[in-house]
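This report refers to the structure that appears directly beneath it.
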Amino acid sequence: MSFYENQHRARRRSSVLLVYFVAAVLAIIATVNIVSYVALMMTFEQMDMTLMEWLRFRGSWLLSGLTLLVILAGSAVRIVSLGRGGGIAVAKLAGGTPVSPATKDAKERQLVNVTEEMAIASGTQVPRIFVLSRETGINAFVAGTHPSNTVLAVTRGALDELNRDELQGVIGHEFSHILNGDMKLNIRLM
């Protein structure tokens, strides 16, 4: 399978995730309506049926609108906060601390060197580098909406446990996310 076939398959899967997101929003709206209807029926058992019919019809539309408004407001707040900070906001949210390009720490220096090498090899800008100091597992991620605000975050466990070649493999994998535009999609889905 070629790189382009893989890229096409990944984009198609991303579209499926978007469909799942819309389905989840609709399921939330339906659940809120069902729970509200049951609560209304249990609370007002003796209510006049014409009033009940009116409340069911108008109330369900009103409740659906309010639920959608809450979801959209939450999404808007998240979009604004991530839009202002881009990848930096995500890295800080995950507990990352920035790494200075002139760091004296040997492991961080190695990370800076490997990241700069990968940026040159891929023809992209060097992302800002963050270390997730409290994370002992081996992991890394990239985040950002544009090349100018892209960050690379690496766990302390990856720095401590991986040798240079292994770290280079992890960083190379993260650069593939930058080149394929995965990080922008991830921030949108967030």
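The values are calculated or read from the model by the stated rules, or taken from the named source; none is laboratory data. Just so you know, these numbers come straight off a predicted model, no measurement behind them. We place every Cβ from the backbone using ideal geometry, glycine too, and count neighbours over all the protein chains shown. When the accessible area is computed, the model is the full protein with side chains, heavy atoms only, and any ligands, DNA or RNA have been set aside. Shrake-Rupley method; radii C 1.70, N 1.55, O 1.52, S 1.80 Å.
Values computed for the structure shown
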read-out	value
Residue list for the range 71-82, restricted to those being more than 16 Å from Val25 (Cβ to Cβ) and within 12 Å of the chain's Cα centre (by Cα)	Leu82
Members of the range 109-131 that are at pLDDT 95 or above and touching a Ser or Thr at 6+ places or on another chain (Cβ under 9 Å)	Arg109, Leu111, Val112, Ile129, Phe130, Val131
Residue match in the range 125-144 (condition: part of a helix (DSSP H, G or I) and either of a type in the set (S, T, N, Q) or exposed (fewer than 14 other Cβ atoms within 10 Å of the Cβ) (or both))	no
Members of the range 100-113 that are of a type in the set (A, V, I, L, M, F, W, C) and open to solvent by 20 Å² or more (accessible area, probe 1.4 Å)	Ala102, Ala106
Test: residue in the range 164-179 that is surrounded by fewer than 13 Cβ atoms within 10 Å (Cβ to Cβ) and not in a helix (DSSP H, G or I)	no
In the range 47-85, the residues that are at pLDDT 75 or above and among the aromatic types (Phe, Trp, Tyr)	Trp61
The range 132-167 - residue that is modelled with pLDDT of 95 or more and among the polar types (S, T, N, Q) and, of those, farthest from Gly96 (Cα to Cα)	Asn163
